[in-house]
Amino acid sequence: MAVKVTLTQDKDKGPGYGRLTVSGLNQVESVTLRFESNQINQEHLQLNGQWGASPAVHDCILLERNEDNIVIGLEPNTIDALLKNTRATYRVIINADGTEKISPLRIPNNFLGSGAIQKSKPVEAEPDPVFTAPPVLNDPPVPPLPEPDDTAETTDIDLSTDNEKPKKSGKSGLTLIIILLLAAIGLGASWYLCLIPGLPPGPSCQTTIEKDEIVEEQVTEESTKKTAEAEEEPEAPKSLFEQAIALQKQGSLVEAKVKFQKAATEEKHIDAMKKLAEMYDPAFWNEEKSPIPAPNWETANWWWEMAAENGDIDAKRQSGYNMAKYSDYNTEKSKGLAILNDLADQDDAKATELLKEINGE
C-alpha cells in the first residue's frame, strides 16, 4: 500500500520545527526515515544536517497517532537542511516495521527555518541625539572712520573740450580697397567649398561627393553581408523552457528534465511544471519523452498540484483524476472526485468525461 507524506509548520514550537504527517501507518510499531534529494545526482541527508553520498537513517519522534495516519516531529537540523536548496525536490523513504515506503516530499511555500527566530526579535531603538546650542560669537569691533581734513587743498579739473573738427584722412580709400579684396577672396573660397547654392560644384565638392558615394557603397555592402549572416545563424532559445523543449526533441531527455526543473522552480514556469508531470504520469508517460524508467502517479501529482496552485485548470483536473483513480485512501479518492465534480459543475466537458470513466459509465 502506498503512503503519502505532508509537511507542515509546527506552530506550537515555532520556526525550525515541522510536523510530518504519514498516511496509512497508524498500526506500525517502529518507524525510521531517510531523506534524499530527488535529483539525477541524489544526495542523502546526514544526521548532522549536512548532505552526503551515503544513506543515513533518522529515528522518528512520534507526536500523534490518528485514525489513518501518524505525525512525526522534525527538528531544526532536518528542516534547515531541506530549506537550503529551494530549487531541489525531495523524497522520503519510510521504514515501517521492516517495510520500506517511498513518497515525494514537498516543502510548502513560506516555510520558516530556525533562522527566522533571530529575524523576529525586536530591534532596540537608538537613543535620540542630544543637540547643544552653538556658542555665541561677538561681533568684531568696527574701527572709527577718519575725520575729514579741513586743511587739504582742492584742485579744479578742467572739463572743457576742443570744438575743432577732426581733419579728414586720406586712408579711407585704401580701407575700401582692402574690404573689396577680402570679399572677393571669400566668394571664391565659398564656391570652391560648395557653399553657394545654384552654382556648379567646385573641385573640393566634387571630391567630397565621390568619397560619399564610395562610403555609401561600402556601408551598403557591409549591411547586406551582416543581414545574410544573421539569416544563416539560427536564433538561440531565449528561455530555460525553450531550451528544455529543444533538448527533448533531440532525445536528450535527462538534460531536458534538468532544464524543466530549473524553469519550474526558478521562473515558476507553469508549462515546465506540466511537462515534468507528464514525464511521471501514467496517462502521458512514454520512453521517447521521459527519462523515468517507469510512471509514478504520486510524483506526477506533485507537479500537477504545483501548476494547479498557479491557476492552471488542466493541471487541477489531472491531479483530481489521478487521486480518484489511483489512490488507496478514501480521503484522497474523495478529494479527487470533489475536484472533478466542481469542474464539471462549471461546464468542464473533460472533467465530465473523466467522471464517467471512473464511474464505469
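The values are calculated or read from the model by the stated rules, or taken from the named source; none is laboratory data. Please read these numbers as outputs of a predicted model, since none were measured by experiment. Note that each Cβ is placed from the backbone with ideal geometry, even for glycine, and that neighbours are counted across all protein chains shown.
Among residues that are out of contact with any helix residue (DSSP H, G or I) (no Cβ under 9 Å at 6 or more places or on another chain), surrounded by fewer than 16 Cβ atoms within 10 Å (Cβ to Cβ) and part of a helix (DSSP H, G or I), residue 331 is included.
Only residues that are part of a loop (DSSP other than H, G, I, E, B) and surrounded by 21 or more Cβ atoms within 10 Å (Cβ to Cβ) were counted across the stretch 274-295, and they come to 2. Among residues of the stretch 241-268 that are closer than 19 Å to residue 285 by Cα, those with a Cβ under 9 angstrom from a residue that is among the hydroxyl-bearing types (Ser, Thr, Tyr) and outside any helix (DSSP H, G or I), sequence gap 6+ or separate chain, pair up as 246/252; 253/290; 257/290; 261/89.
Residues are listed down the side, and each one gets a yes or a no for (1) of a type in the set (A, V, I, L, M, F, W, C); (2) in a strand (DSSP E or B); (3) at pLDDT below 85:
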{"position": "2", "(1), (2), (3)": "yes, no, yes"}
{"position": "8", "(1), (2), (3)": "no, yes, no"}
{"position": "12", "(1), (2), (3)": "no, no, no"}
{"position": "22", "(1), (2), (3)": "yes, yes, no"}
{"position": "41", "(1), (2), (3)": "no, no, yes"}
{"position": "49", "(1), (2), (3)": "no, no, yes"}
{"position": "55", "(1), (2), (3)": "no, no, yes"}
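In the set (1) β-branched (Val, Ile, Thr); (2) at pLDDT 80 or above; (3) over 28 Å from the mean Cα position of the chain (by Cα); (4) surrounded by 12 or more Cβ atoms within 10 Å (Cβ to Cβ), residue 28 fails one condition alone, (2). Against the list (1) part of a helix (DSSP H, G or I); (2) within 32 Å of the chain's Cα centre (by Cα); (3) modelled with pLDDT under 95, the condition residue 304 fails is (3). If I go through the stretch 225-260 residue by residue, how many of them are outside any helix (DSSP H, G or I), at pLDDT 70 or above and either touching a strand residue (DSSP E or B) at 6+ places or on another chain (Cβ under 9 Å) or not small (Gly, Ala, Ser) (or both)? Total satisfying the criteria: 1.
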